[in-house]
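Some notes on the structure that comes next.
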Amino acid sequence: PTILAPPAPLVLLDEALVEIDLDAIFEDPDFIRAAAVVTEFGDLTIGFYDGFPVTVGNFFAHAENDAWDGAFFHRMAKLGNGENFVLQGGGFKPDSDPGTYTRVTQLPAIVNEFDSSRPNLAGTISMAKLGGDPNNATNQFFISLNDNRAILDGQNGGFTVFGRTADISPANRIATLARGEFNVPLDDFKVTLGDWPLTQFSGGSPASDQLASMNDVFEIPTLSYSFSSDGDDIVVAEVAPTVGAPLV
């Protein structure tokens, strides 16, 4: 964050609660909002860039609808040399019958906002889309696990990078899972999911406890703090992150 002006000293009277508008004290030149994707492998804390209003708005519209609660990462793709490529999810979740799946409810497709100044580097988040149409991203997103500029920045109008993870470790832990290809029931049809990371393998369609699931996806509130005092002592307060790692 960039400091705009140091806060002025405050005098507390009658144990009054004092609130400070941090927007007047510092600003973050990159991130405008933040979210956490909760997994059993650790929380993915994501900061979202300014300049991508449609893509960022689409992400939070799905999150606020609880569309991704219980969804999972269904694709852990590798490059031809064996290096990690992307971790993708957000499109599917388990159905009520064990071993069956349903599609996550999609909002309307969004316009592509690719900007070459935000390349697909390791740790960035982008929306997935079908080939042949730059403007068809809906509810699936991926984390780049490598420097993917040469592959993704010039493909299908470019894949819009609209944020990045504060700590890529949870995604890298999922990337260590064994991968397989399964033909599974999906909304009364059979579909094939390949490069599917699972915690364990067994016969038939994977069970819920084998998935790399998103237990919750929610916005991290804007930083704020308050304090009170019942005497004449000097009070020192600091802002610290409460979810995940600091976005630096």
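For A122 and T100, calculate 0.36 nm times their separation in residues minus their Cα-Cα distance, and state this gained length in nm to one decimal. Don't jump to the answer; show the numbers that get you there.
Numbers: separation 22, 0.36 × 22 = 7.92 nm, distance 3.25 nm.
Here the answer is 4.7 nm.
Quickly work out the Q200-to-R149 label distance, labels modelled 7 Å from Cα along the C-beta direction, and quote it in nm with one decimal.
4.3
Accessible area, 1.4 Å probe, largest first: how do T192, T100 sort?
On the way: T192 80, T100 30 Å².
Heavy-atom accessible area, descending, gives T192, T100.
Rg and Dmax of the range 69-217, Cα atoms, in Å?
Reported Rg and Dmax, both Å: 15.2, 46.
Once both labels are modelled 7 Å past Cα along the beta-carbon direction, what's the N65-D133 spacing in nm?
1.7
Would you kindly state how much longer the chain becomes between V191 and V111 on full extension, computed as 0.36 nm times their sequence separation minus their alpha carbon distance, in nm to one decimal? Spell out each step's value before the answer.
Details: separation 80, 0.36 × 80 = 28.80 nm, distance 2.71 nm.
Between V191 and V111, full extension yields 26.1 nm more.
The values are calculated or read from the model by the stated rules, or taken from the named source; none is laboratory data. Fair warning: this is a prediction, and the values are worked out from it, not measured in the lab. Glycine gets a Cβ as well: all are built from the backbone with ideal geometry, and neighbour counts include every protein chain shown. SASA here: full protein model, heavy atoms, side chains in, ligands and nucleic acids out. Shrake-Rupley method; radii C 1.70, N 1.55, O 1.52, S 1.80 Å.
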